[in-house]
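Asks: Pasting a structure below so you can have a look.
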Amino acid sequence: MNGYVKAAVVAALLGASAAAGASTFDFSYTFADGQEVTGDFTGTTTNGGQSVTNVGNIQVALNGIAFAPVTISGVTYGNSTLQANAWNPSLGNFDDTTPVTVYANGALNNFIFSDVDAATNSSPDYEFAYINDSTNGIYQVVAANFLQSDSFSQAEGNSTQLALDSPGIASSWTLTEAAPVPIPAALWLFASGLSFFGIRGRRRQAA
Amino acid sequence: MNSNFPLPRPTKVAAAVASVLALCAPSAFASVSIVQGVVGGAYFTPPVFADTAAASSPSSTAASVYAGATVCFDLNGNGACDPGEPSTTTSATGSFKLSSSILAPLVAQISTSATNNGNAIASRDVFRVNVAQIQAATKSPLLAATVNITPLSTEVALAIENQGVTYNQAVATLAQRIGVSNTANLLLPPTQITNASDQAAVVKESVIAQGRLTLAAKFVDRGDTVGELRGNFDCPDVASFDSANADGCSGTDLNTVAIPAAQEYAYNLEGMPQYDYVFVIIEENESQSSVYGSKTLPYINSLLTSGNLYYNYFSTSDPSEPNYLALGAADDFGQTGDEAIPYPSIIGGVPNLVNSMKAAGLTWHSYEGSLWPSAAGTTANVGASSWNTGTGGIYFDNPAESSITGADGITYPGGVVAKKHNTGVWFADAVAQPDYPSNARSISGAYGSTDVNGNAIPYSYPSNTNATASSNYTAAGDWDNALQAYATANNITSWWSGNTQPWVQDQFKADLASGNVANLNIIVPDTKDDMHDTGTVPRTDYWVENVVKKIESSAIWNDPTKRVAIVITFDEGESATTSCCGWNPERSGDGKAQLVTFTANGTEVSSQSAESPFTEAWKGAAGTSNLTFTPPPYSNGNHGHGVTTFGVYTNQMAQGNAPGGLYDTDYYSHFSFVRSLQDIFGLADPGLPGSYMNRSKYTETFINENATVLPEFAGSANPHFDAVRAMNHVYQFPAGVTHVTSLGTVTPPTTVGPDPSQTNLWATQ
């Protein structure tokens, strides 16, 4: 499946939930060297279902290792809460004021997920940035877990907790709405409905 | 640890990191750093030196990448990738990517298990990147900065660390110095530079830098001390053999160094700063007392007084030949006369400056007065069979002088162009190099010559050969302009029949204008202009003035980023049969030469009484080779011919803050000068005596360590006087010690104790 078709499919999936309000979205990015970032966040679809705003509840993992605090010798490092910042091409930096929008089309993304306010703090413990800045000529996808990366394996050219594509590869990006999580009341109503139709059917059969 | 240092992040090997961070310098920065780039440089194939042209080949260079190199964030600033520091290994294309929770310098450790363009690496290198380069490439610390690690990034780092300049200043200066037009190209891996001129400049500088950086890694691996690296090789051992003349060991002299300091020392070998261009003007046959203060040589004296002067600079022998051998290879090879004619008579791969420059990726030119001019050089200058024979060589050695009888018994006519004054002409493997003809070039002269039509060329300046009175002085001028005027007036476009090479009258001036002068330029006037035939007459002074002013008006001299030095010296002193700084059998009863063999690390392992042939192991850049000198008349070498003049004048004095008007009363000789040039151009390893040419390796330490097999030195009354050292002014005469100055006829102002200034006369600031 080529990138354009894939993006269109993703957009259709996002569009299908446009009327559903805040939803959970799964994302992934597979780097050229095979490393992978996965995660999810909550948000609201916009732009005809092609993007998501109001991003929150962010979870990210690089190569299966979550961006999460680490405790060593009784000292905990890292922040359990991840936040999103938008890249502002005019500033050439991340800022706090531009709304964060995550696009189904990876070539439109300009955001970072990290455990700090990236507009003011350049020392995150982990980050996932996806930048397409034609103004400054910056096209990168970066995933780094600094809590894990101070000692890399000696694998050729790759560090286990650093992944880079420069430029990013839009076709390696997926963004999909997660399947809605059933709530107990809904499950009861659903079961009741099934029972109603089942009883009714049985009665019709008996009649 | 500095209290402001960021807290270490937990890692898989947290304990190791903690140990590294415990050594951290306070220069770390509170931001993460993500970098990607290439470890690149140059792959240099050195020339093949052989005694025949057929077996010789030139060098070649290629832009290259290093695969399998270890790249790390150097958290503790020691120039090494320590356990626990974020590190990775470069790919087959030399690429890497790396992140750190702490911004720190980058280091690329290129071990012998790495490859350079797929080729094995003989000796490890370490390249570095200063944090300022990372910061300059960083759009946001949270995004990846493209930072390449190259020899030139290391030179930029060294400039920032040691010269107090900013990153932008360091980049601009280096780009201008090496001729890179687009500064954006300077720190690219050469494989990514698309501008051919810029790529060539970066590749050439990479070769030069890689040689220095390899040395630096050796310094660290060997545990060299600060004392050794600042040029005081005697410090660690001096107390054991010469306490009376002990060089002082300062507080840090016995400390070993890490890569950053070692790399700084590698650009100041034995305390000798790197120069880009050195012009050596060699005059003839005048002792220091005849030159210094001479009324007939006002211009030369102005250079000696505005520049710096060595008061005890000894020539090697008499006549000229042993001296030019010494100036070309730091040895007289036992010659006491003109035995080596016809040239090239030194065979068998004897180390010499010409080949050493080429082996390091550097260039040399000789500029000989009255050599017929040609932009492409003088091909006919090369063929030994054509020299002095009247069949072509006549054009190059004008038979206007007395004849010379060679060792073969044949009488050769002399000439205005004395070929033996070319310091490279003696060495068969230098002459056999394909580019030798184009490197042997012309400079002002043509006295007494005939043109292509057989007409005598009138010399434009009065001969005044015996003029000493001021009334006989004539105006200085440009020899070449006069000859050009003659050629134009007589419609001469070629200087000899059948010549097909383009004619450039003033090749030296043309080279200065184009920047195509060599790194090392040996300038020898013809025998009418070098004081040989005329003595210290004004015309010889004008000739020097003419040459020096051309240099002073050149772009390279006036470019503050380039280091340019002019040396004025003489082949011999004519005052006495005295010498210093090298084996001097006259002082020890004509002892036989000794066979001394070195291991690869330069230590002596065996010796024996040397009868013919004399074989000596020499460890050079290309490895160990055995050199055979036949016959070995060392007992007749280094007769000495007294103290002569040696002055240094640099654009660092003329344009910058380098001091002038200083003097050095330590003892030096032609051997010392060659050793100094080897340091200036990075041609030898100070800790490896065998890498120095022949006698220039005879430092005090060497003599001390080999005293039992060097009886001449063992019997020396003053090992310091007999030893060879770089002309670095490191040695400080102890208070109350009287210098051995009676050999010179011009007494320096200070003859007891230290000199008023111990500044290196080659200092650049």
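Asks: Spin-label point model (7 Å from Cα, Cβ direction): what's the A:Ser28 to B:Ala258 distance in nm?
Replies: With each label point 7 Å from Cα toward Cβ, the separation is 4.4 nm.
Asks: Can you give the FRET efficiency to the nearest 0.05 for A:Asn136 and A:Ile169, using r as the Cβ-Cβ distance and R₀ = 22 Å?
Replies: In this case the efficiency is close to 0.70.
Asks: While we're here: Roughly how many nanometres apart are two label points built 7 Å out from the Cα toward the Cβ at A:Ala107 and B:Thr751?
Replies: Taking the two extended label points, one gets 8.7 nm.
Asks: Taking the simple approach of a point 7 Å from Cα along Cα-to-Cβ for both A:Ser90 and B:Ala196, what is their distance in nm?
Replies: 4.7 nm
Asks: Give me a single rounded figure for A:115-125: the average over its residues of other chain Cβ atoms within 10 Å of their Cβ.
Replies: 4
Read the figures in this text as sums done on the coordinates, not as results from a lab. Keep in mind the model is a prediction, meaning the values are calculated, not measured. Reconstructed Cβ throughout: ideal geometry from the backbone, glycine too, with neighbour counts over all protein chains shown.
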